[in-house]
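Taken together, the values in this text are just the output of simple stated rules run on the coordinates, not laboratory data. Everything quoted here is computed from the prediction, not taken from an experiment. In this analysis, Cβ positions are derived from the backbone assuming ideal geometry, glycine residues included, and neighbour counts consider all displayed protein chains.
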Amino acid sequence: MKKIAELYRGKAKTVYTTSNPNLLILEFRNDTSAFDGQRIEQLDRKGMINNKFNYFIMTKLNEAGIPTQVEQLLSNNEVLVKKLDMIPVECVVRNRAAGSLVRRLGIEEGFILNPPTFELFLKNDALHDPMVNEYHCESFGWATKDQLQQMKELSFKINTILTNIFDDAGLILVDYKLEFGVFNGEVVLGDEFSPDGCRLWEKETLKKMDKDRFRQGLGGVIEAYEEVAHRIGVPL
Ligand code: C5P
């Protein structure tokens, strides 16, 4: 399957059409952005690592019964996916307090959330992805009640699967962001799962092993991504 035309260029991935109207190619680039794209840097190997990381995780989720858009790994930086009708809302699951939750509610970083919590954010760069609730999603037509129910159920099922995978590798899955879309009427997991869109801490030392290393200028970003990939068994 070959790329035909650029459909959309995001902050870290470019989406291309293919000869099949139901399939797209995602290209993972080395661009790494933070603070709504105000800071962008090229990190060597990041595109390849995230592409293979995402393919590995999506395959694991698929095997566990989660519908995902992923079809086939095409190259180091490209994956073939189903063309979804994307729901413009990000789903965030949090097992521990970090990031915007700490800033918003003044909770200590690392506080264990029992049960894990769930948040929705509107995908809108100009508005800095504001937090929204289920009523907003329904009233503005971003998602139906049924779709929201499925997004929530899938997000928590994914939490159980991924928490176990990372726990076995000595890592805490602190939080993560998911995006869903619709394919043939079914809610399907889209976008990506990589260290760019989740927080992972080393269990023993609480060392940050994710994009917070970039956001907070801690250095060793790619080394941390590679270490996580190695620990969970992603072939790089
Ligand atoms: O910034 P915040 O604490 O709300 O992020 C929660 C989780 O969602 C983090 O793992 C972060 O990397 C991810 N996220 C993302 N893309 C966004 C917003 C958050 O991947 N636009």
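What to note about this one:
- Trypsin sites (Lys or Arg not before Pro) within the range 1-43: DSSP coil, no more than 14 neighbouring Cβ in 10 Å: Lys2, Lys11
- Residues Tyr8, Tyr16 in ascending order of nearby Cβ atoms (within 10 Å, fewest first): Tyr8, Tyr16.
- Between Ile4 and Asp36, residue separation times 0.36 nm minus the direct Cα-Cα distance comes to 8.6 nm.
- When the square roots of the Cα gyration tensor eigenvalues are ordered a ≥ b ≥ c, the ratio a/c for the range 97-151 is 1.5 or more and a/b does not exceed b/c, which makes its shape oblate.
- Fully extended contour minus Cα-Cα distance, from Met86 to Glu109, at 0.36 nm per residue: 5.1 nm
- Residue with peak Gaussian network fluctuation, the chain [Cα springs, cutoff 10 Å], from Asn76, Asn95, Asn184: Asn184
- Counting every other Cβ atom within 10 Å of each residue's Cβ, Thr144, Thr160 order from fewest to most as Thr160, Thr144.
- Between Arg45 and Phe118, the contour length at 0.36 nm per residue exceeds the alpha carbon distance by 23.1 nm.
- Sequence of Trp142, Trp201 once ranked by neighbouring C-beta atoms within 10 Å, starting from the fewest: Trp142, Trp201
- Taking the C-alpha atoms of the range 6-82, convex hull volume expressed per residue in Å³: 99
- Where only C-alpha atoms are counted, convex hull volume of the range 85-222 per residue in Å³: 129
- Cα-based Kirkwood hydrodynamic radius, the chain, one decimal, Å: 18.2
- Peptide packing: for 62-72, 111-121, the average count of neighbouring Cβ atoms within 10 Å per residue gives the ranking 62-72, 111-121, highest mean first.
- Mean Cβ count within 10 Å, highest first, over the residues of peptides 210-219, 122-131, 45-54: 45-54, 210-219, 122-131
- Between the range 159-181 and the range 21-76, the alpha-carbon centres lie 16 Å apart.
- Pairs of Cα atoms nearer than 8 Å and 6+ residues apart set the relative contact order; for the chain it is 18 percent.
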